[in-house]
Structures are given as C-alpha cells and as structure tokens.
1. Obtain the nm distance between the two label points defined at A:Leu46 and A:Arg59 by a simple spin-label model: each point lies 7 Å from its Cα along the Cα-to-C-beta direction.
2. Return the percentage of antiparallel bridges among DSSP beta bridges fully within chain A, rounded to the nearest 5 %.
3. Taking only Cα atoms of the range B:8-73, what ratio of Rg to Rh do you get with Rh as the Kirkwood inverse-distance radius?
4. Could you list which residues have their amide H under 5 Å from that of A:Ser83, counting only those 5 or more apart in sequence or on another chain, with H placed in the peptide plane?
5. Just tell me how shielded B:93-102 is by partners: mean number of partner chain Cβ atoms within 10 Å of each residue's Cβ, no decimals.
6. Quick one: order B:Ser29, A:Ser83, A:Ser65 by neighbouring beta-carbon count within 10 Å, fewest to most.
7. For chain B, what is the relative contact order in percent, using Cα pairs closer than 8 Å and at least 6 residues apart in sequence?
8. Cut-off is 10 Å between beta-carbons; in what order do B:Leu90, B:Leu46, A:Leu64, B:Leu82 appear when sorted fewest neighbours first?
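Every number in this text was worked out from the coordinates using simple rules, so none of it is lab data. If you're wondering where the values come from, they're calculated on a predicted model, not measured in any experiment. Neighbour counts run over all protein chains shown; Cβ positions are idealised from the backbone, glycine included.
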Amino acid sequence: GQNIDQPTEMTATEGAIVQINCTYQTSGFNGLFWYQQHAGEAPTFLSYNVLDGLEEKGRFSSFLSRSKGYSYLLLKELQMKDSASYLCAVRALNTGFQKLVFGTGTRLLVSP
Amino acid sequence: SQTIHQWPATLVQPVGSPLSLECTVEGTSNPNLYWYRQAAGRGLQLLFYSVGIGQISSEVPQNLSASRPQDRQFILSSKKLLLSDSGFYLCAWSSLRTPRAYEQYFGPGTRLTVT
C-alpha cells in the first residue's frame, strides 16, 4: 500500500524560514506534488518534483530524494498569508498514472 | 483556459435524505475526473475517479455513487445520507496534455453538513 507522513502542525513567525517534511512509502514512484490549501478553500498547486534535487520557485522551494523516500517544502520570508495547510501528494506507479495519493497535510500557523 | 465548477457551494441536509453534487469542467476535453472528501481536520480521501464517459472507479466502499453522463460532467450522489458523510467535497480534473502531466486541478468545493 501507500503511506505518506507529514507533521500535523507547525508554527513559525513572520519573516522566518520553515521546512515542512514529507516521507513516503509507495510501490513505485512517478512524481511528488506540494499543494497549498487555505481554510475552506480548494488546494492549489505549489511545486512538482520527479527527479532528485531542489526546485526553486520564488519564496518556495521543494526538495526530493527518491532513494530516501523524502521530500521537503521550504518557505522563506514567511508572510501571514502563508498560514495554510500544505499537502504532500505522490503519484505511485501501482495506483495508475492518473492518481495522486495525498498525505493528511501540515497546518502551518504564521504569527506576527 | 480551463475552469472547473462545483455546486452547490454549501449544503445542509438531514440524515436519510438524498444527495446530488455536480461538477463541470470547461476548456478541456476527455479529462480524468475525481471526487474527494475532506473531513474536518483530515486529509483528502479519494472517493471516485473516472477516465471517460460512463467509466467510474470506486476507491472506498460506502453509500455514495458517482456518474459521468457527459465528457466534462461528474456527479456525486447518495440515496440516503449518513452523519459521517459530512465534509468538504472537492472535484478535480487532470489531463496528460497539461504541463505537469496529470497534475490535478481542484474545484471550489461543496461544504456538506448532515444533521
């Protein structure tokens, strides 16, 4: 089966840097997504990693290590609007190319 | 550009009543379509997905059903709602033709409260 683990909740202060970790155990791997979800809203795409390494996109970066089954999302220069849940999702080969398996999400609280 | 619509936005229904949630996608053809449920404080649970008209795969046995009567229309139904059906229902679409093949794009969601 598939197993994706993320911390339930994290707190940080405005202007700081925070790293949200995600570990996964899947039968085969074909890409990892990070989504942001504000309370009561739909998830929106943040990043996609399919090869090892760091993908940088403005204040957000995502890292992947396939051999370790590990990814992290790095948020720099935190702003109050970054308070949201961050969902890690994996495309696993055995579940079909079209499907994503989501973790339970990490709720990030940014304080002034 | 592609857009995805869901309605209603919010719904309050008594236990035992029927349910029909609708999702439509514009601006793409032959998308994969998905229904997710997100219970309070929990992650996204995939309920159904569809790769074409009339083709439905069920992920979790329950009192819900899904149908895809048209290429870009996906309907979630129940004959008798349970209290445990309360949650945030999200429809999503994906396509091999998008930049990150099969990235999923989510609709605005329906907040269902069963009383």
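1. 1.2
2. 90
3. In the range B:8-73, Rg relative to Rh is 0.97.
4. Residues meeting the amide H criterion: A:Val110.
5. Working: counts 0, 4, 1, 2, 0, 0, 1, 7, 7, 9.
Shielding by partners across B:93-102 averages 3.
6. Values: B:Ser29 9, A:Ser83 17, A:Ser65 13.
By the 10 Å Cβ count, ascending: B:Ser29, A:Ser65, A:Ser83.
7. Working: 283 pairs, mean separation 40.2, N = 115.
Relative contact order here is 35 percent.
8. B:Leu82, B:Leu46, A:Leu64, B:Leu90
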